[in-house]
Amino acid sequence: MVENSRQEGDATPPHQRMGSAVYDILRERMIRGAYPPGYKFTVRGVAGELDVSTTPARDALNRLITESALIFSGPKTLVVPTLTKSQLRDITVTRIALEGVAAEYGARTFDEKTVSKLQDIQCLINDSLETGRYHDALWHNKEFHFAIYELSGMPGLLSMIESLWVRIGPTLLNLYPEYAQHRQGVHNHMVAIEALADREPTGVRAAIENDIREGYRKLRSAAPDSLD
């Protein structure tokens, strides 16, 4: 069941707090690629899965609609949208601009613990790829990128990046299994770690930007021209 602890002095109605908790769970799962394009949601389905009433489930889904993370496929059914080539390009160009800045500024304030943390995360990614657990690989992939971005100390920037990941996260599943076989992402991550250890912020930025571009090239080939 979703936890709904109330902080002292919090006057927010209980159903709104619960709705926010459900929203946070679903949003984080989408960012990490837990739901593929075409995955269907219903209010009752979410309520049953997370053991909450239909009101907070509906509130959470409505918030995801406003972020373009979900679209209607019927009167009571929502789906994770399939991104067209133009939508994918729009998101990618914005990601490169924002995540490049976050990576470079984050790299300016790193410490040795960050390098060790990234190496540990990459080991988890590698193990997931070796065993074909692609959902797990994407789950850890988010940890890797944001471990660098969070060092920038720019919460507004991170918020904008997360809003893009909510939309692109499900589509990243389409990278596999081909992306696992060629290890493009692994190579880019290792370059980023090496540049970080060598105190080269521009090198970290270049590695992250290249990581995004290579993923885009693979996704673009499978993306539809339109949804008609």
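The values are calculated or read from the model by the stated rules, or taken from the named source; none is laboratory data. Note that this is a predicted model, so its numbers are computed, not measured. Glycine also receives a Cβ, built like all others from the backbone with ideal geometry; neighbour counts cover every protein chain displayed. Areas reflect the complete protein model, heavy atoms only, side chains present, ligands, DNA and RNA absent. Shrake-Rupley method; radii C 1.70, N 1.55, O 1.52, S 1.80 Å.
Condition check for residue 174 on (1) open to solvent by 20 Å² or more (accessible area, probe 1.4 Å); (2) under 25 Å from residue 115 (Cα atoms): one failure, at (2). Of all residues in segment 120-134, those that are touching a helix residue (DSSP H, G or I) at 6+ places or on another chain (Cβ under 6 Å) and open to solvent by 20 Å² or more (accessible area, probe 1.4 Å) total 1. Against the list (1) in a helix (DSSP H, G or I); (2) touching a residue at least 12 places away in the same chain (Cβ under 8 Å), the condition residue 127 fails is (2).
Conditions (1) touching a Ser or Thr at 6+ places or on another chain (Cβ under 8 Å); (2) modelled with pLDDT of 95 or more; (3) in a loop (DSSP other than H, G, I, E, B); (4) closer than 30 Å to residue 217 by Cα, marked per residue:
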| position | (1), (2), (3), (4) |
| --- | --- |
| 47 | yes, yes, no, no |
| 57 | no, yes, no, no |
| 68 | no, no, yes, yes |
| 88 | yes, yes, no, yes |
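Within segment 97-114, identify whether any single residue is in contact with a Leu (Cβ under 9 Å, 6 or more places away or on another chain), at pLDDT below 95 and in a helix (DSSP H, G or I), and answer yes or no. Yes: one or more hits. Taking the numbered list (1) among the small types (Gly, Ala, Ser); (2) open to solvent by 30 Å² or more (accessible area, probe 1.4 Å); (3) at pLDDT below 95 in turn, residue 159 passes all entries but (3).
Residues of segment 30-57 that are of a type in the set (S, T, N, Q) and either open to solvent by less than 10 Å² (accessible area, probe 1.4 Å) or free of Cβ contacts under 8 Å to residues at least 12 places away in the same chain (or both): 54 alone.
Among the conditions (1) outside any helix (DSSP H, G or I); (2) closer than 29 Å to residue 204 by Cα, the only one that residue 75 does not satisfy is (2). Tallying residues that are out of contact with any Leu (no Cβ under 7 Å at 6 or more places or on another chain) and either over 18 Å from residue 165 (Cβ atoms) or open to solvent by 60 Å² or more (accessible area, probe 1.4 Å) (or both) within segment 58-78 yields 10.
The residue that is modelled with the highest pLDDT, among those in segment 135-156 that are surrounded by fewer than 21 Cβ atoms within 10 Å (Cβ to Cβ) and under 24 Å from residue 221 (Cβ atoms), is 142.
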